[in-house]
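I have placed the structure first, in the form of structure tokens, so that the comments after it can refer back to it.
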Amino acid sequence: MLFSDYSKYENKRPIISFEIFPPKTDRGYDNLKFELSILADLHPDFITVTYGAMGTTRDKTLDIASLIKNQFGVESACHLTCVGATKSELNSILQNIYDAGVRNIVALRGDPPEGEKNFIAPEDGYSHGNQLVEHIRKFEIETGNKNYFGIAVAGYPEKHIEATELDLDLENLKRKVDAGADVILTQLFFNNDYYFDFVTRVREIGITIPVIPGIMPILSAKQIQRITSMCGATIPNELKEKLDSTLEDDNKARDIGIKQCIQQSKDLLSRGAPGIHFYVLNKSSHMIRIMEALSDELKKQRV
Ligand code: FAD
């Protein structure tokens, strides 16, 4: 499914998507191919592939997105960031994405390099997500392919970690939407009230495109502590206490994580979320359990 088709499906059926990241080693790549064959059988509407901060995994984003589409027959998306890229480099990446037949892009600014607080725009490059969205739309026009790409942008229910206030962050989100985004995928969160409050505020400032909750099933207590400390998402106290007892036991953490994810996803769907974007962490077995548990809710909502 193309991001530009989201609005067509909204209110008809929930859109389920997965997000994976390119592995660093050949062995990791082989494992991922195996996991993808199982994830594809769960029939997500699309699978997105993240774009590494810098270095070796970047080239693999398009290879994997292409594999997902052409070998596994599932629509895919390439994430793309402004990090370390000039405008002309962005054009050649976009041309490669076009040539590979991948039609969805998750357009992001990217994070500052590790240890640095502020994002510094590359020379002849961009400093914010809205500029990248504008660039993609301009590229399409210049190459005679208007609205070829479906574009998703990131939204932050608990505000972006650098933003001083949610209101300012929302104004910046609107810049990305006004530049031509089709859909907003959210940062992970564990308390659904953050999502529903966010959607209310997004609508109040005139954003009408779908806002898809991004959910990360917990597979390890240490891993989720590290991830949330980087992205600024909060773990509710009750969940945190449960996880604190599993710091040395990933199987136990995973069980807690799966139950929590099922509960959170059912609540989101029953309260009208237009779909769920799962950060699947390159594994499939937990997603089998989660998708099985959601199947009744998903069937009920398909018209
Ligand atoms: P922006 O929209 O540019 O926002 C960044 C900050 O700048 C915010 O505080 C915002 O309020 C402010 N801001 C925005 N526009 C303006 C403006 N015009 N003027 C002044 N201030 C402004 N990172 C990766 O490296 N690779 C990935 O593949 C990746 N995938 C992601 C997928 C999702 C769904 C999400 C939620 C995040 C992902 N990230 C990824 C992380 C993302 O790159 C970081 O969160 C990054 O810090 C911000 O990216 P952004 O596109 O939201 O930036």
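The values are calculated or read from the model by the stated rules, or taken from the named source; none is laboratory data. The structure presented is a predicted model; accordingly, all values stated were derived computationally and were not measured. Methodologically, a virtual Cβ is constructed for each residue, glycine included, from the backbone with ideal geometry; neighbour enumeration extends over all protein chains shown. Surface accessibility is based on the protein's heavy atoms, side chains included, excluding ligands, DNA and RNA. Shrake-Rupley method; radii C 1.70, N 1.55, O 1.52, S 1.80 Å.
Taken together, I20, I38 contain a single residue that is under 17 Å from Q187 (Cα atoms) and either at pLDDT 95 or above or surrounded by fewer than 16 Cβ atoms within 10 Å (Cβ to Cβ) (or both), which is I20. All of V83, V74 fail the test of being assigned to a loop (DSSP other than H, G, I, E, B) and within 16 Å of the ligand (Cβ to nearest atom), apart from V83. Would you pick out the residues in the stretch 71-88 that are open to solvent by 50 Å² or more (accessible area, probe 1.4 Å), over 21 Å from the mean Cα position of the chain (by Cα) and touching a residue at least 12 places away in the same chain (Cβ under 8 Å)? If the condition is that a residue be open to solvent by 50 Å² or more (accessible area, probe 1.4 Å), over 21 Å from the mean Cα position of the chain (by Cα) and touching a residue at least 12 places away in the same chain (Cβ under 8 Å), then K87, S88 are the ones that fit. So which residues in the stretch 1-40 are touching a Lys or Arg at 6+ places or on another chain (Cβ under 7 Å) and more than 24 Å from N147 (Cβ to Cβ), if there are any at all? Of everything in the stretch 1-40, those that are touching a Lys or Arg at 6+ places or on another chain (Cβ under 7 Å) and more than 24 Å from N147 (Cβ to Cβ) turn out to be P22, E35. The criterion of being within 16 Å of the ligand (Cβ to nearest atom), closer than 20 Å to A293 by Cβ and in contact (Cβ under 8 Å) with a residue 12 or more places away in the chain does not hold for I184. Scanning the stretch 260-281 for residues that are closer than 30 Å to N118 by Cα and part of a helix (DSSP H, G or I) returns no hits. Whether a residue is out of contact with any strand residue (DSSP E or B) (no Cβ under 7 Å at 6 or more places or on another chain), at negative phi and within 16 Å of the ligand (Cβ to nearest atom) was assessed, and T234 passes this test. Looking across the stretch 260-296, the residues that are open to solvent by less than 30 Å² (accessible area, probe 1.4 Å) and more than 28 Å from F34 (Cβ to Cβ) come down to L268, L269, A273, P274.
Looking only at the stretch 165-181, which residues are over 19 Å from the mean Cα position of the chain (by Cα) and either more than 10 Å from the ligand (Cβ to nearest atom) or more than 17 Å from S127 (Cβ to Cβ) (or both)? Passing the criteria: E165, L166, D167, D178. I'm checking my understanding of the structure. Among residues of the stretch 41-56 that are over 21 Å from V153 (Cα atoms) and either at pLDDT below 95 or within 16 Å of the ligand (Cβ to nearest atom) (or both), which one is most open to solvent (accessible area, probe 1.4 Å)? Filtering first and then ranking leaves T56. For the stretch 148-158, a residue qualifies if it is within 12 Å of the ligand (Cβ to nearest atom) and either open to solvent by 60 Å² or more (accessible area, probe 1.4 Å) or among the hydrophobic types (A, V, I, L, M, F, W, C) (or both), and the qualifying residues are I151, A152, V153, A154. Scanning the stretch 97-147 for residues that are closer than 23 Å to I161 by Cβ, more than 8 Å from the ligand (Cβ to nearest atom) and either part of a loop (DSSP other than H, G, I, E, B) or open to solvent by 60 Å² or more (accessible area, probe 1.4 Å) (or both) returns P113, E114, G115, E116, K117, N118, I120, A121, P122, G125, Y126. Here the condition is being in a helix (DSSP H, G or I), over 17 Å from H277 (Cα atoms) and hydroxyl-bearing (S, T, Y); of T200, T164, T234, T208, it holds for T200 alone. Scanning the stretch 106-132 for residues that are in contact with a Lys or Arg (Cβ under 9 Å, 6 or more places away or on another chain) and farther than 22 Å from C231 by Cα yields D124, G125. Can you say whether D178 is open to solvent by 10 Å² or more (accessible area, probe 1.4 Å), more than 27 Å from D255 (Cβ to Cβ), of a type outside the set (S, T, Y) and touching a Gly at 6+ places or on another chain (Cβ under 6 Å), as far as the supplied structure shows? No: the conditions fail for D178.
Within the stretch 239-252, none of the residues are surrounded by fewer than 16 Cβ atoms within 10 Å (Cβ to Cβ), acidic (D, E) and closer than 19 Å to I288 by Cα. G257 meets each of the listed conditions (1) open to solvent by less than 20 Å² (accessible area, probe 1.4 Å); (2) not in a helix (DSSP H, G or I) apart from (2).
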